[in-house]
Amino acid sequence: MITPDKELPPELYAVARKGGTEMPFTGKYVNNHEQGMFRCAVCGTELFSSDTKFESGTGWPSFTEPANLQNIELRHDTSDGMNRTEVICKNCGAHLGHVFDDGPKEKGGKRYCINSVCLELQKKDQ
Ligand SMILES: [Zn+2]
């Protein structure tokens, strides 16, 4: 179920609907190492597995690949004068973050840099 915009917390609305970015090292999942599935905070779609999370040192949760490519949309983003690829939840259109090509080479070389506020961890034992 997609949470209506007016019911979203302001910090989530600012990122998911306005394309904002949370301050580095402030997100609740930056240093989280619990096992489970990270779901979209707006609609609950499965986005990233903790198995693909790695320490990037950037201040945002980083993943080498999405749990299911069908659940995300990649869009060319030239805002802020930069040339980036935006990562979007396919189900609800929420802006999640960006994907870069400087991830761990042995895992495919991708770094999905995702805002904590857009994620909700469903722990493995729940
Ligand atoms: Zn979503």
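The values are calculated or read from the model by the stated rules, or taken from the named source; none is laboratory data. Predicted model only: the values in this text are computed from it and were never measured. Please note: Cβ atoms are built from the backbone with ideal geometry, for glycine as well, and neighbour counts cover all protein chains shown. For accessibility, only protein heavy atoms count, side chains too; no ligands or nucleic acids. Shrake-Rupley method; radii C 1.70, N 1.55, O 1.52, S 1.80 Å.
Within the stretch 83-100, what residues put their amide N at less than 18 Å from the label point 7 Å along the Cα-to-Cβ vector of E7?
Output list for this probe position: 91-94.
By a straight-distance test (C-alpha under 13 Å), which aspartates and glutamates pair with K18 as possible cross-link partners, with residues fewer than eight away in the same chain excluded?
The qualifying aspartates and glutamates are D5, E86.
Under a 1.4 angstrom probe, counting protein chains only, how are K18, K6 ranked by accessible area, largest first?
My answer, sorted largest first, is K6, K18.
May I ask you to list the chymotrypsin sites (Phe, Trp or Tyr not before Pro) in the stretch 3-62 that are in a DSSP loop and have at most 12 other Cβ atoms within 10 Å of their Cβ?
The qualifying sites are F25.
Counting just the Cα atoms, what span does the chain cover along each of its three principal axes? Round to the nearest Å and put the largest first.
If we take the Cα atoms of the chain, the spans are 43, 42, 29 Å.
Return the carbon/sulfur percentage of the accessible area of the chain, one whole number, probe 1.4 Å, all protein chains in place.
Accessible surface attributable to carbon and sulfur in the chain totals 49 percent.
Top to bottom by accessible area (1.4 Å), largest first, where do R39, R111, R75 land?
Most to least solvent-accessible, the answer reads R75, R39, R111.
Of the candidates G59, G109, G44, which one comes out as most mobile in a Gaussian network treatment of the chain with C-alpha springs shorter than 10 Å?
G109
Using a 1.4 angstrom probe on the protein heavy atoms only, line up I114, I2 by accessible area, largest first.
On the way: I114 0, I2 75 Å².
Reading off the accessible areas and sorting them downward yields I2, I114.
How much accessible area per residue does the stretch 83-126 have, counting only protein heavy atoms and a probe of 1.4 Å, in square angstrom?
Values: 2250 Å² over 44 residues.
That works out to 51 Å² per residue.
Report the extension gain between K28 and K124 in nm, rounded to one decimal, defined as 0.36 nm multiplied by the number of residues separating them, less their alpha carbon distance. Let's see the in-between values first.
On the way: separation 96, 0.36 × 96 = 34.56 nm, distance 1.76 nm.
Contour length minus Cα-Cα distance gives 32.8 nm.
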